[in-house]
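Notes follow once the structure below has been shown.
A short reminder: the numbers here are calculations on the coordinates, not readings from a lab. These numbers come from a predicted model, not from an experiment. Neighbour counts are summed over all protein chains in view; Cβ atoms, including those assigned to glycine, are modelled from backbone coordinates with ideal geometry.
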Amino acid sequence: MKKRFLNSIKNSIKKQYPNYSEDKIDEIMYGVEGIYLTITKTIIIFLIALILGVCKELLCLLIAFNFIRLFAFGMHANKSIICLIFSSVLFIGGAFLCKYILISKQILYVLYLIALTIIIIFSPADTVKRPLIKKKKRIRFKILSIITVLIYFILSLFIKNTLIINSLIIGLIIECILILPLTYKIFKMPYKNYVNYGLNVSN
């Protein structure tokens with residue numbers, strides 16, 4: 001079904017824009033495939049969450065996670081089935097934690113300190129298909145990632161809603177897991193892919 005859908009989109013693009021090069025079409029299709037996989041994976045995970053009664057918690061967690069993900073990036077599994085299994089474990093498990101645990105202020109401060117340290121050292125973490133070649137862009141995303149962690153921390157100090165507090169820190173922890181070199185190594189994926197394009201790209 002996936003292959004048929006993507007081929008249909010690709011053929012439509014070729015007919016609509018016959019002047020597009022193969023590289024341009026491949027670039028567009030990479031984005032289309034990403035959207036397709038994200039939507040299908042999210043639907044499946046939400047169905048599981050609905051059955052288990054953690055749909056609200058999953059939604060809050062995904063919002064918190066995806067916001068920091070915008071800047072810190074991180075690993076993508078190279079097979080959709082692995083991505084689905086790994087994502088289901090992380091996010092369904094995270095949703096249960098959001099619903100049932102109560103984190104003391106002291107532990108929360110320690111978790112934010114650990115998360116901030118990981119973000120400072122390892123973000124942004126790129127992938128083979130999306131290498132962050134330009135040094136200025138990497139620096140900008142690192143700064144934005146750090147600012148986001150600080151915003152999460154400040155929100156956690158003033159918000160009284162336990163679900164939101166848990167979602168912010170657990171979403172951040174999941175993102176930290178996905179940018180660690182160890183996670184890349186476990187899934188046998190290359191780390192710091194921009195190095196292959198030269199270290200002196202600064203613009």
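Taking N as the number of residues in region 116-158, what is its alpha-carbon radius of gyration divided by 2.2 N^0.38 Å?
Compared with the compact-globule rule of thumb, region 116-158 sits at 1.32.
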Review point. Which lysines have a Cα less than 22 Å from the Cα of Lys142, not counting those fewer than 8 places away in the same chain?
Key: Lys129, Lys134, Lys185, Lys192
Practice item. Pull up the cross-link candidates among the lysines for Lys14, meaning alpha carbon to alpha carbon under 21 Å and not fewer than 8 places away within one chain. Key: Lys2, Lys3, Lys24
Check your understanding: With a sphere of radius 14 Å drawn around the Cβ of Gly94, what net charge do the other residues whose Cβ falls strictly inside it have (Lys, Arg +1; Asp, Glu -1)?
Key -> +1
Exercise for review: Compute the signed sum of charges (Lys and Arg +1, Asp and Glu -1) over the other residues within less than 9 Å, Cβ to Cβ, of Asn166.
Suggested key: 0
Review point. Can you list the trypsin sites (Lys or Arg not before Pro) in region 1-109 that are in a DSSP coil and have 13 or fewer other beta carbons within 10 angstrom?
Key: Lys79
**Study point:** Per-residue Cβ neighbour rank within 10 angstrom, fewest leading, Met75, Met189
**Key:** Met189, Met75
**Study point:** Coordinate range along principal axes, alpha carbons of the chain, Å, largest first
**Key:** 59, 47, 30
Practice item. Using the 2.2 N^0.38 Å rule of thumb for compact globular proteins, work out how region 42-89 stacks up: its C-alpha Rg over that value, please. Key: 1.21
Practice item. Please give the net charge around Ser145, taking every other residue with its beta carbon less than 11 angstrom from that of Ser145, where Lys and Arg add +1 and Asp and Glu add -1. Key: +3
Exercise for review: Work out how far the C-alpha atoms of region 116-195 reach from end to end along every principal axis, then list the three figures in whole Å, largest first.
Suggested key: 43, 29, 19
Check your understanding: Hull surface divided by four, with the convex hull built on the Cα atoms of region 77-141: how many nm²?
Key -> 6.1 nm²
Exercise for review: Mind jotting down the three principal axis lengths of region 33-132 based on Cα atoms? Whole angstrom, largest first.
Suggested key: 42, 38, 19
